[in-house]
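Here is the structure we will look at, set down as structure tokens.
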Amino acid sequence: MKRTTLSVLRVRTLVGDRTRGHLLAGYTVILCALGRSGVVQVKREGDGGSPRGAFRLRGGAYRPDHLRVRPRTALPLRATQRGDGWCDDPRDRRYNRPVRLPLPGVSAEEMWRQDGLYDFVIDLDCNRGPIRPGRGSAIFMHVARPGYQPTEGCVALARTDLARLLRRLGPRTVLTIT
């Protein structure tokens with residue numbers, strides 16, 4: 001039986017541009033966007049850095065009204081719904097966790113986005129166990145903006161690249177960012 005699930009993905013910063021990198025998936029090299037501050041050793045909320053380290057892929061979500069079919073993947077995947085959010089407020093007990101919106105007086109990322117960035121979104125195991133307030137939240141792999149503009153700290157790929165890559169990902173896949 002042919003092994004189709006990748007065990008490791010590697011992200012390396014491009015020489016001369018800290019906001020872009022290459023994601024190495026087996027023998028495939030995929031251009032990606034990184035945080036506006038490049039790769040950081042110690043992640044802080046709002047620093048714009050993509051965290052250095054190895055991260056398990058915890059699962060993800062997809063935007064069902066923007067896709068014809070549910071993406072094929074071995075990762076746990078659920079359909080995003082209106083009102084889905086992700087708490088990015090270090091003062092809140094739900095920090096770096098999925099939440100239902102609205103949350104009056106609490107800062108949260110909206111997961112049901114109109115710009116398509118979260119049509120596919122994978123939760124990277126960054127600051128997830130134990131969760132430490134202020135050490136970064138909502139660190140995902142998601143769809144890149146046009147021209148691979150920098151992210152707020154995530155790893156972003158072209159929509160078609162991410163859709164193809166999803167087929168090769170599973171719960172044992174680890175993403176390393178160096």
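The values are calculated or read from the model by the stated rules, or taken from the named source; none is laboratory data. Given the structure is predicted, the values throughout are model-derived calculations rather than measurements. Note that each Cβ is placed from the backbone with ideal geometry, even for glycine, and that neighbours are counted across all protein chains shown.
Here are a few things to note about the model shown:
- Whichever residue in the stretch 101-120 is within 19 Å of the chain's Cα centre (by Cα) and over 27 Å from L165 (Cα atoms) and, among such residues, is surrounded by the fewest Cβ atoms within 10 Å (Cβ to Cβ): S107
- Selection from the stretch 157-169 of residues that are within 15 Å of A33 (Cα to Cα) and assigned to a helix (DSSP H, G or I): R159, T160, D161, L162
- Being under 22 Å from M111 (Cβ atoms), at pLDDT below 95 and in contact with an Asp or Glu (Cβ under 9 Å, 6 or more places away or on another chain) is a condition met by at least one residue of the stretch 67-85.
- Scanning the stretch 75-119 for residues that are among the hydrophobic types (A, V, I, L, M, F, W, C) and in a strand (DSSP E or B) returns L77, A79, W86, C87, V99, A108.
- Residue check, R56 within 22 Å of R159 (Cβ to Cβ), modelled with pLDDT of 95 or more, under 16 Å from the mean Cα position of the chain (by Cα) and of a type in the set (K, R): no
- Matching entry among R135, R172 (being of a type outside the set (A, V, I, L, M), part of a loop (DSSP other than H, G, I, E, B) and closer than 19 Å to D47 by Cα): R135
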